[in-house]
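One structure below.
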Amino acid sequence: MNIGFVGLGNMGAPMARNLAKAGHAVRGFDTAPTSVDGVEMAVSVTDAVKDADIVITMLPDGDILRSIASSIHTAMKKGAVHLDCSTVDVDSARAVAKSAESSGLHALDAPVSGGVGGADAGTLTFMVGGSESAFASAKPLFDIMGQKAVHCGPSGNGQAAKICNNMILGVTMIATCEAFALADKLGLDRAAMFDVVSTSSGASWSINTYCPAPGIGPQTPADNDYKPGFAADLMLKDLRLSQQAASVVNADTPMGRKARDLYAQFVEGEDGSGKDFSAMLPRFEKQGRS
Ligand code: NAD
């Protein structure tokens, strides 16, 4: 396929490289100077997309996505697919899909889970919103960039799945960290705590796979001085998106709101920016009861 790739940052660059390595013709564009193995750099965003069968965008937020969509939709070939893999608000995903349709294109919102490591290894999970036929045409690319792609329904539903998943993740990570900090103060050994909880009803991905306590359980960012991994700043972004969506549809999400407030305090009022989101554990260790 001819692929246009816009946004070659931490995630986009390895995803584009894997597509080129698999034999696709990839033309890339980014506003920052960059080069990616196997990817031909275009002189402008329209130059990157004009001959593409599929255009992939991997951008920081919904405003940038909307602005890129307005420049590329009129430049793309009729019948081509705009596959957005950024994490953005549900409203932006649906607005971009509508704009694509009115230009005779197909649109998919397909945010990812798996982080930079997954992008590099081609093991991302895609949560996809859009039509069955657009999903089928992008499936060969999902298979190169990832290990799983779930079709979640119409446009916007990929973003809905992503923010619901990450709201659960933020809440369970906080619960796991505060429980470890409580266990410390009660004199319970961390290894014993891990052995019990990881095989009991308190188990979750946050403790079993991504244990926030250094030296306990599998290797995680906690064993690397809390270097991300998945940065607390990105968790805060996703929790804000979930609260924005909850307010639009009038859903009661008190734990999600509390998790957003705690990550905001950690990232913007304390020393959490740039650290892995599991660094909530040393944060709780330092705290007394407020
Ligand atoms: P990044 O900041 O490294 O990359 C974004 C890229 O977009 C940058 O290279 C930037 O120069 C480029 N860009 C910005 N405006 C542009 C424009 N107008 N035209 C062309 N290029 C433009 O971010 P990232 O970590 O690669 O994340 C990308 C998306 O993936 C975000 O929505 C993020 O929330 C999501 N995500 C990231 C991770 C992660 O672990 N990094 C995990 C899951 C999802």
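The values are calculated or read from the model by the stated rules, or taken from the named source; none is laboratory data. In this text, all values refer to a predicted model and were calculated from it rather than measured experimentally. Note that each Cβ is placed from the backbone with ideal geometry, even for glycine, and that neighbours are counted across all protein chains shown. Please note that ligands, DNA and RNA were not included when accessible areas were found on the heavy atoms of the full protein model with its side chains. Shrake-Rupley method; radii C 1.70, N 1.55, O 1.52, S 1.80 Å.
Scanning segment 1-29 for residues that are under 22 Å from His106 (Cβ atoms), touching a strand residue (DSSP E or B) at 6+ places or on another chain (Cβ under 6 Å) and within 8 Å of the ligand (Cβ to nearest atom) yields Val6, Gly7, Phe29. Residue count for segment 2-24, restricted to those that are open to solvent by 50 Å² or more (accessible area, probe 1.4 Å) and at pLDDT 95 or above: 5. Entry remark, segment 246-273: residues being part of a loop (DSSP other than H, G, I, E, B) and in contact with a helix residue (DSSP H, G or I) (Cβ under 7 Å, 6 or more places away or on another chain) number 4 in total.
What about Ala121, is it closer than 18 Å to Pro140 by Cα, free of Cβ contacts under 8 Å to residues at least 12 places away in the same chain and not β-branched (Val, Ile, Thr)?
Taking the combined requirement at face value, the residue satisfies it.
If you go through segment 49-62 and pick out every residue that is in contact with a Ser or Thr (Cβ under 7 Å, 6 or more places away or on another chain) and part of a helix (DSSP H, G or I), you end up with 1.
Residues are listed down the side, and each one gets a yes or a no for (1) over 24 Å from the mean Cα position of the chain (by Cα); (2) of a type in the set (A, V, I, L, M); (3) within 16 Å of the ligand (Cβ to nearest atom):
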| site | (1), (2), (3) |
| --- | --- |
| Pro154 | no, no, no |
| Ala181 | yes, yes, no |
| Ser200 | yes, no, no |
| Ala232 | no, yes, yes |
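What residue, among those in segment 238-258 that are under 17 Å from the mean Cα position of the chain (by Cα) and surrounded by fewer than 18 Cβ atoms within 10 Å (Cβ to Cβ), is farthest from the ligand (Cβ to nearest atom)? Among those that are under 17 Å from the mean Cα position of the chain (by Cα) and surrounded by fewer than 18 Cβ atoms within 10 Å (Cβ to Cβ), it is Gln244. Answer yes if at least one residue in segment 31-52 is in contact with a helix residue (DSSP H, G or I) (Cβ under 7 Å, 6 or more places away or on another chain) and charged (D, E, K, R), and no otherwise. Looking through segment 31-52, at least one residue is in contact with a helix residue (DSSP H, G or I) (Cβ under 7 Å, 6 or more places away or on another chain) and charged (D, E, K, R). Residues in segment 115-137 that are surrounded by fewer than 23 Cβ atoms within 10 Å (Cβ to Cβ) and not polar (S, T, N, Q): Gly115, Val116, Gly117, Gly118, Asp120, Ala121, Gly122, Glu132, Ala136. For segment 86-126, a tally of residues being of a type in the set (Val, Ile, Thr) and out of contact with any Asp or Glu (no Cβ under 7 Å at 6 or more places or on another chain) returns 5. Residue count for segment 49-62 under the criterion of being more than 13 Å from the ligand (Cβ to nearest atom) and buried (at least 23 other Cβ atoms within 10 Å of the Cβ): the result is 2. Residue count for segment 17-29 satisfying the condition of being part of a loop (DSSP other than H, G, I, E, B) and of a type in the set (Val, Ile, Thr): 0.
Okay, residues lined up against (1) assigned to a loop (DSSP other than H, G, I, E, B); (2) crowded, with 22+ Cβ neighbours inside 10 Å; (3) more than 25 Å from the chain's Cα centre (by Cα); (4) away from the ligand (no atom under 15 Å from the Cβ):
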| site | (1), (2), (3), (4) |
| --- | --- |
| Thr31 | yes, no, no, no |
| Asp37 | yes, no, no, yes |
| Asp47 | no, no, yes, no |
| Ile64 | no, no, no, no |
| Ile68 | no, yes, no, no |
| Ser71 | no, no, no, no |
| Thr74 | yes, no, yes, yes |
| Leu83 | no, yes, no, no |
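In the set (1) away from the ligand (no atom under 16 Å from the Cβ); (2) open to solvent by 20 Å² or more (accessible area, probe 1.4 Å), Lys148 fails one condition alone, (1).
Assessment of segment 188-204 against the conditions (farther than 23 Å from Met15 by Cα and open to solvent by less than 10 Å² (accessible area, probe 1.4 Å)) yields no matching residue. Among the residues of segment 85-92, some residue qualifies, meaning at least one is β-branched (Val, Ile, Thr) and open to solvent by less than 10 Å² (accessible area, probe 1.4 Å).
Kindly list, by first and then second residue, each pair from a residue in segment 224-245 that is closer than 16 Å to Asp261 by Cα to a residue that is polar (S, T, N, Q), limited to pairs with Cβ atoms under 6 Å and residues at least 6 apart or on different chains. Note: pairs meeting the criteria are Asp233/Ser273; Asp238/Asn166.
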